[in-house]
Structure formats: C-alpha cells, structure tokens
Amino acid sequence: MRNTYNSPLNKRYSSKEMTYLFSEEKKFTTWRKLWVALAEAEMELGLGITQEQVDELKSHIDDVNYEDAEKREKEVRHDVMSHVFAYGLQCPAAKGIIHLGATSCYVGDNTDVIIMKEALLLVRKKLINVISALSQFAYEYKDLPTLGFTHFQPAQLTTVGKRATLWIQDLVLDLENLDFTIDSLKLLGVKGTTGTQASFMELFDDNEELVKKLDQMVTEKMGFKASYMVTGQTYSRKVDSIVLNTLSEIAQSAYKFSNDMRLLQHLKEMEEPFEKHQIGSSAMAYKRNPMRSERIGSLARYIIVDALNPAITAATQWFERTLDDSANKRISVAEAFLALDGVLDLYLNVSSNMVVYDKVITAHVNKELPFMATENIIMEAVKRGGDRQELHERIRVHSMEAARMVKQEGLENDLIERIISDDFFQMTKEEILKSIDPKKYVGRAPGQVVDFLETEVNPILKENADLLGENAEINV
C-alpha cells in the first residue's frame, strides 16, 4: 500500500525467508500448532480429550480465519483469546478444550522462541556463506603484499589475503557464540500464570509427575529438547537480550568489514561490485560510491543500538512479569533479525564480488617500502664492514630529506636512489633493490592464511557443506 507506512526492512533490505518468519501467518499458525500439541499431550496423559477433537484442530492449523479474530479482538482487546475464539468457530467439536489450562504466554512466548531459533538458523546459514566467500578470497590473495595500517598510518606490510582472514576471524568468533545461543535456547513450556503450573496441577488432580510429563511432551512435540525449569509467566527476558546481543556481535563484525572496504575504495586498492548501469551520484557522474558497504554500516549501527531494548526490558521486569515488554518486544526483536538479514545479504554480495587493483596496491607499497626497508639495508651494510651508528645516521638524514620532498614538494619517494648514490653503503644498485622485495616484508602472512584456513575455517565449511551455495539478492 502506497498510502501507509511500510518498514524499509521489509520492503528494501530483508529477504523473503526472514520476513516470513516474522509474519502473521508464521505467528498464528505456530500458535495453533502449540494448541494442538497441548491438546494432544493432555489427551495422551488421560484427560477427557478425544482423538476426533485433536484431528479437528490439526485440520485447521493453516487456514486461519483472520477476519473473525480481528473482529473479536476489537471487542475483547485480547489477541490470544480472540484467536482462541476464531479457532473455536472452525473447530466446534474441539472448542471447549482449546488452550486448556494455559495462559497467553503459552502460545506467545513459546512461539517467540520457536521463531527466534528458526531465524538464528537462517542467520547461521548466511554467516557460513560469507565465511566461505571470504575464505576463497583470502586464499587467492594470500601472497599479494599490501600496506598494513595502524591508526590508518602505513605500517609493516601484510598481504591482501591476510587482511581478509581478520574479517573471517571475527565471523568465526561470532559463529561460536551463535551456535552456543542456538543450542542453549529452550521453550517456556507449559508453566501457567505465574510459572507454578497451578492450573495444570488442578487439571491432573495434583499429580506432579503428570504435570512434569506434560511439560516435557509438549516441548518435544514442538521440536525442542528442554524447557526452562523455572519461569514466571514468561521465560526470562534475558533470553531476548542474549539473542539480540548475538545479533549485535555479528553486526559489529560486518560494520568493521564495511568500514575497511570504504577506506580501501577511497585508496583505490579495492572496490565493492559496481553494476553496469548503477549510478554513483546524481551530480557527479564519474563517482563510484561504496553504497553497499555504507548500507552495511548503516543497518549494523541500528542493530547494535537496538540490542539495548531487550537489555532494558530484562532489567525492568517486575516479579513474575509485567506487560511493558510486549509492544517493545514485537518491534525490537523482529527488526534486529530483519536488519541483520539485510546486512548479511549485503556482506555476501560484496565479499563474493570484491575487485582488487593489484597495480595500485603495489604502487602504494613501493612508495612506503623504502622507509620500511632501511633496517634491512643497514644490517646488510654492516655485514660488509660498515659502522652501524654511522649507517643509521646517514639513513636518518636521507629519510628526512626524502620525506620532505614527498610531503612538501609532492614528489616521489627517492630514498632508495639516495642510498644507491651513497658510496658509504658499499652496495650495488641490484643488491639494494633485491633487499626491498615486498615479499620479504610480509612475515608469515601467507603461511598464516593457509594455516588458519586449513586448521580452523575449512573444517567449519566441510561440516556445513549442505548450507553452502547461498546467493544474496540485493533489492536496491
């Protein structure tokens, strides 16, 4: 609809897979699956519920009568009871046993955990594919020397591939935390109004073992190994905070990558993909702005800030629950997932199609390498009988003058030519030039790339081979 607000997360950034997980259809059909699981478990444990009633409920899981529910909610101002009513219209024989013994959070909280887990698994699939794309890039460019930077000032050389492993390392750490979060998620289960299961104790004539069994059976029917043993009416809101903190950590890694790409594109050493008919600027036709990397940073920033919402909610819950979590939770959790989904699609798109300008990289290396090579030149000259202190002083003087010519006159770095012309070093031009081969100054960078990929990354990719092959669709 063009005459009402539509979230950009839905329209521009998030995938169809992720937006479906937070759709009304997914939510309300999951409610019905939970009501079926509850009724079925109660029947199996001996309550007066028939198989015909359970089958009737099962037959109407997917054809939710939304209009009936919406009409009822305007009257009673309660979303869960409105859907109980609507379900009952479709299932007259089972009407009296829908939601038996449960409170609203039985469907609300359990559904939230189910959806968050499925959404985390989708995040995981996309994260694995980003790691794969970066790994291929890192291996391809493991030997290409490039300027390393500290404080965004030229420092010792590294390689293009080694720099990519830094991005991968962040994502590997994120994957470890993500897996822990996924594995630790539990259902609320069947806990009742204040978490004491009092209503179910009433239903089962104070048989504690049957009530415990009910909780276990419903949990297993919904595909979980366990529920939280103790809760209030809701599961602890720290769970939402843990989940969004996990999303925030991934966003932080993507943000760092996007900033590096923007800096590299400014240096003209690397670029994100730029399509044939893409426009970089409405005014400056020649521009190729790093718009995808900028969007990664923009959405990542939103996720990082959004993670504060469940943190504050968790900290301000009263006793067994309050309802001030509800409106905030509906927005903050869904939007964090939708935004991160957009970030990962962009990250995969960029990392799969990065452009490297090796000649520009080499030119930048050659401008700075003479300064970095001076220590090696001094050591070689000492081997030939030179005085280390005098050599150091001569290098210092030459370096200062060369730097002055670069900074004040805008000329090329001629430090090596100055050293070649200084007979005190007793080295030929060929010997000096040989000593400044960039590959001599990258340390173990190529070996580190191979070791890291083979030891840590490839086992991850092999274990998750069934998740590989994801293609990122960018809407704008």
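Please find, within region 155-197, the residue that is nearest to the chain's Cα centre (by Cα) out of those that are over 15 Å from VAL457 (Cα atoms) and of a type in the set (Gly, Ala, Ser).
Step by step, filter region 155-197, then rank; the result is SER184.
Which ones in region 63-118 are in contact with a strand residue (DSSP E or B) (Cβ under 7 Å, 6 or more places away or on another chain) and closer than 27 Å to THR50 by Cβ?
ASN110
Can you go through ASP68, ASP62, ASP79 and tell me which one is acidic (Asp, Glu), surrounded by fewer than 20 Cβ atoms within 10 Å (Cβ to Cβ) and more than 22 Å from ASP109 (Cα to Cα)?
Result of the check over ASP68, ASP62, ASP79: ASP68.
Name the single residue, out of those in region 1-22 being among the basic types (Lys, Arg) and modelled with pLDDT of 90 or more, that is surrounded by the fewest Cβ atoms within 10 Å (Cβ to Cβ).
That would be LYS16.
Condition first: over 30 Å from LEU171 (Cβ atoms), among the hydrophobic types (A, V, I, L, M, F, W, C) and over 34 Å from the mean Cα position of the chain (by Cα). Can you find one or more residues in region 106-117 that meet it?
For region 106-117, residues over 30 Å from LEU171 (Cβ atoms), among the hydrophobic types (A, V, I, L, M, F, W, C) and over 34 Å from the mean Cα position of the chain (by Cα): absent.
Could you check region 407-429 and list, in sequence order, the residues that are free of Cβ contacts under 8 Å to residues at least 12 places away in the same chain, part of a helix (DSSP H, G or I) and within 21 Å of GLU375 (Cβ to Cβ)?
GLU417, SER421, ASP423, LYS429
Conditions tested, residue by residue: (1) among the aliphatic types (A, V, I, L, M); (2) over 20 Å from GLN448 (Cβ atoms); (3) surrounded by fewer than 16 Cβ atoms within 10 Å (Cβ to Cβ).
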| residue | (1), (2), (3) |
| --- | --- |
| HIS151 | no, yes, yes |
| LEU173 | yes, no, yes |
| GLY195 | no, yes, no |
| GLU202 | no, yes, yes |
| THR234 | no, yes, no |
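Answer yes or no as to whether GLU380 is in contact with a Leu (Cβ under 7 Å, 6 or more places away or on another chain), part of a helix (DSSP H, G or I) and modelled with pLDDT under 90.
When the stated conditions are applied, GLU380 does not pass them.
What pairs come out if I take residues in region 222-247 that are on the phi > 0 side of the Ramachandran plot and pair them with residues that are at pLDDT 95 or above whose C-beta lies under 6 Å away, six or more apart or interchain?
Sorted first by the residue in region 222-247, then by its partner, the list stays empty.
Taking region 23-59, which residues are surrounded by fewer than 15 Cβ atoms within 10 Å (Cβ to Cβ), of a type outside the set (S, T, N, Q) and in a loop (DSSP other than H, G, I, E, B)?
Hits for region 23-59 are GLY46, GLY48.
Checking the structure you have, find out if any residue of region 430-450 is touching a strand residue (DSSP E or B) at 6+ places or on another chain (Cβ under 9 Å), among the small types (Gly, Ala, Ser), surrounded by 12 or more Cβ atoms within 10 Å (Cβ to Cβ) and over 18 Å from GLU375 (Cα atoms).
yes
May I ask you to verify whether GLN317 is at pLDDT below 95, in contact with an Asp or Glu (Cβ under 8 Å, 6 or more places away or on another chain) and part of a loop (DSSP other than H, G, I, E, B)?
yes
Find the residue count for region 430-476, including only residues that are under 18 Å from ASP143 (Cα atoms) and outside any helix (DSSP H, G or I).
Counting residues in region 430-476 that are under 18 Å from ASP143 (Cα atoms) and outside any helix (DSSP H, G or I) gives 5.
As an exercise: evaluate ALA226 against (1) within 28 Å of VAL190 (Cβ to Cβ); (2) under 27 Å from the mean Cα position of the chain (by Cα); (3) hydrophobic (A, V, I, L, M, F, W, C); (4) surrounded by 18 or more Cβ atoms within 10 Å (Cβ to Cβ) and give the number of the one condition it does not meet.
For ALA226, the failing item is (4).
Just checking, which of SER241, SER253 is closer than 15 Å to VAL172 by Cα and either under 21 Å from the mean Cα position of the chain (by Cα) or part of a helix (DSSP H, G or I) (or both)?
When all the criteria are applied, what remains is SER253.
Pick from region 33-82 the residues that are among the β-branched types (Val, Ile, Thr) and in contact with a Lys or Arg (Cβ under 8 Å, 6 or more places away or on another chain): which of them is farthest from PHE204 (Cα to Cα)?
Checked region 33-82; the qualifying residue farthest from PHE204 (Cα to Cα) is VAL64.
Filter region 279-305 down to residues that are modelled with pLDDT of 90 or more and either closer than 19 Å to SER351 by Cα or surrounded by 21 or more Cβ atoms within 10 Å (Cβ to Cβ) (or both), then give me how many there are.
12
If a residue must be among the polar types (S, T, N, Q) and under 12 Å from LEU247 (Cβ atoms), how many such residues does region 284-340 contain?
2
The values are calculated or read from the model by the stated rules, or taken from the named source; none is laboratory data. This is a predicted model, so every value here is computed, not measured. Every residue, glycine as well, gets a Cβ built from its backbone with ideal geometry; the counts of neighbours run over all protein chains shown.
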